[in-house]
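The values are calculated or read from the model by the stated rules, or taken from the named source; none is laboratory data. Just so it is clear, the structure is predicted and the values come from calculations on it, not from any experiment. Every residue, glycine among them, receives a Cβ derived from its backbone with ideal geometry; neighbour counts consider all protein chains shown. Quick note on the areas: whole protein, heavy atoms, side chains included, nothing else; ligands and nucleic acids left out. Shrake-Rupley method; radii C 1.70, N 1.55, O 1.52, S 1.80 Å.
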Amino acid sequence: MTARKLTMTAFRWLLLLFVALVIADVAVDLASPWWVTLTPLVLGYAAVIVGNRWGGTPDSDRVAREPVEVGPPVTGRWSALNSPADRTPSHGTHSYAQTYAIDIVAEPGTPDRARPAFRMLWPLLRRNADFPAFGAPLLAVADATVVHASDGQRDHRARNSLPALVYLMVVEAAVRELTGAHRILGNHLILDLGDGRFALYAHLRQGSLGVRAGDRVRAGQVVAQCGDSGNSTEPHLHFQLMDGPDPVAARGIPFQWRGVGVPRNRETFEVPEAQEVSETSEVPETSRATTDTPTPTAPTPK
């Protein structure tokens, strides 16, 4: 077991111990000092901070890697959130190999398919079908071998209000953290691109995978659909490259999408519709990113 994986395992056990102490104190009145109950929680988060933020830098030699160029995983008009072009680690942590991860949401730009605006109180939740990203096809970014494919988790409703967002961040995220990376990522796909590079697609739509472990895929081939499973506020794609097949033990790798680069937060980019990929088809060409920046209408997906 690697040090990074050991760190996350220790964190989950310490968090479980904290929950058990709280339940025991309420049920049988242990009358233990408050600091005894909080100690496992403090130790758990200290382990994560040391192991994944300070001690878990993305490159063991501490030399920045050159971005790996791959094809874009989507077609159409999208915008970026939590982009590594603005900061690294892009999601505030190196854990789960997220150092250079990016979130993208569909932005068709037409009134009938616009992303619903974030609301303070009502509606508390929204249907996934209200979001243009839900069900959007996702493409293989390179010729690759599928090493992991799972799509059995449900797509929960979008957390598109302040109460729902607080619930997600405070309660739901903690429960998912306890149960492991697969609950954080939701339905997800991992492709082996070769040369120690792996692409991860997270928050996929339930039942949408068209591939399974061991399959060979071609660049531009449709492999799944965008969904809202796992630790997610709304339908979107979480994409990252990493140096191993296990996101708990792997480290993030910087990337850029061919013809697009790495869009910044709120930057809109557009990729033309690709032709269906066959065994003899070429990798589809992509367009340059546009420079228009939409007004934010919803909180950043996780």
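Brief remarks follow.
- The residues of the stretch 169-274 have, on average, 34 Å² of accessible surface per residue, using a 1.4 Å probe with all protein chains present.
- Note on the stretch 121-160: Cα-only Rg and Dmax are 14.6, 45 Å.
- Fully extended contour minus Cα-Cα distance, from Asp195 to Asp215, at 0.36 nm per residue: 5.4 nm
- Arg154 versus Arg113: modelled label distance in nm, points set 7 Å from Cα along the beta carbon direction: 2.8 nm
- Stretchable slack from Thr9 to Ala129, in nm (0.36 nm times residue separation minus alpha-carbon distance): 39.6 nm
- With each label modelled as a point 7 angstrom along the Cα→C-beta vector, the Val42-Glu66 pair spans 4.8 nm.
- Projecting label points 7 angstrom from Cα along Cα→Cβ for Asp86 and Asp143 puts them 3.7 nm apart.
- Computed from the C-beta positions of Leu162 and Ala27, the FRET efficiency with R₀ = 30 Å rounds to 0.40.
- Amide H contacts under 5 Å for Glu107: Arg77, Trp78, Ser79, restricted to partners 5 or more places along the chain or on a different chain, H placed in the peptide plane at 1.01 Å from N.
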